[in-house]
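FYI, it's all coordinate maths here, none of it is from the lab. Everything numeric in this text was worked out from a predicted model, so none of it was measured. Heads up, the Cβs are rebuilt from the backbone with ideal geometry, glycines too, and the neighbour counts pull from every protein chain shown.
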Amino acid sequence: MTAQDEAPELEVWIDQDLCTGDGICAQYAPEVFELDIDGLAYVKSPADELLQDQGATTPVPLKLLADVRDSAKECPGDCIHVRRVNDGVEVYGPDAE
Ligand code: SF4
């Protein structure tokens, strides 16, 4: 048995159908979110590539967790979803308990 990490691994995805394009997320966490020329926000891979597939996820670096969490809380479209990698449970976002 190995000890569990204190912070579970998290990933984030954006529902572009609801994105208003205001860019709050990209201001809070530009390492994770970026607006494309279509005016919608997308997540970026750790290699800084824009991920445009529907439902694409990217890992949330621990040092950016507060910024990503605040993005999800303040997103006017309620369309930023942060979930645990191991069980898919949403921890921040419109579907979080
Ligand atoms: S904060 Fe939400 S609504 Fe605004 S650009 Fe980011 S994902 Fe879209």
(request) Select from segment 43-65 the residues that are in a loop (DSSP other than H, G, I, E, B), free of Cβ contacts under 8 Å to residues at least 24 places away in the same chain and either of a type outside the set (Ser, Thr, Tyr) or out of contact with any Ser or Thr (no Cβ under 6 Å at 6 or more places or on another chain) (or both) and list them in ascending order. (result) Pro46, Ala47, Asp48, Glu49, Gln52, Asp53
(request) Residues being of a type outside the set (D, E, K, R), farther than 14 Å from Pro61 by Cα and in contact with a Phe, Trp or Tyr (Cβ under 8 Å, 6 or more places away or on another chain): count how many of those fall in segment 17-34. (result) 2
(request) Just need a number here: residues in segment 8-20 that are in a loop (DSSP other than H, G, I, E, B) and either in contact with a strand residue (DSSP E or B) (Cβ under 6 Å, 6 or more places away or on another chain) or among the hydroxyl-bearing types (Ser, Thr, Tyr) (or both). (result) 3
(request) Among the residues of segment 21-32, count how many are near the ligand (Cβ under 6 Å from one of its atoms), without any contact (Cβ under 8 Å) to a residue 40 or more places away in the chain and outside any loop (DSSP other than H, G, I, E, B). (result) 0
(message) Is it the case, given these coordinates, that Val68 is among the hydrophobic types (A, V, I, L, M, F, W, C), surrounded by 14 or more Cβ atoms within 10 Å (Cβ to Cβ) and in a strand (DSSP E or B)?
(response) no
(request) Looking only at segment 42-56, decide whether some residue is within 10 Å of the ligand (Cβ to nearest atom) and among the small types (Gly, Ala, Ser). (result) no
